[in-house]
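Read-outs: derived from the displayed coordinates by stated rules, not from any lab. Just so we're clear, the structure is a prediction, and the values are computed from it rather than from any experiment. Please note: Cβ atoms are built from the backbone with ideal geometry, for glycine as well, and neighbour counts cover all protein chains shown.
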Amino acid sequence: MSSSEEIAKAAKLAFEESQLFPSAERVNALQLIRKELDLRKADILAANAEDLKVCLTPTSSRRTLIDAYPGCAGGGRCRPYVSIYDEPTRSWAR
């Protein structure tokens with residue numbers, strides 16, 4: 001089983017178990033998570049920007065994320081999809 005499948009199964013199980021709690025407790029937990037994410041927003045965005053930079057920068061040992069996209073390597077036709085969230089406009093840019 002791939003790690004993405006394991007993550008999906010764990011997320012489904014967590015969701016199902018969360019339904020056993022009263023709605024007010026679930027809402028409170030989600031609000032606490034949002035508060036923590038808001039507090040760490042700058043760090044999260046900086047880490048995401050660094051990850052994107054690494055993905056788009058080729059090195060001698062790996063290709064860029066776009067080069068690794070199926071169909072892009074070897075001059076094949078492709079339209080890779082890379083989105084960046086633009087905070088001021090609250091929209092996704094390609």
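Structure values in brief
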{"quantity": "Condition met for ASN28 (more than 18 Å from the chain's Cα centre (by Cα), on the phi < 0 side of the Ramachandran plot and outside any loop (DSSP other than H, G, I, E, B))", "calculated": "yes"}
{"quantity": "Positions within the range 1-22 being assigned to a helix (DSSP H, G or I), exposed (fewer than 10 other Cβ atoms within 10 Å of the Cβ) and within 18 Å of the chain's Cα centre (by Cα), in sequence order", "calculated": "SER3, SER4, GLU5"}
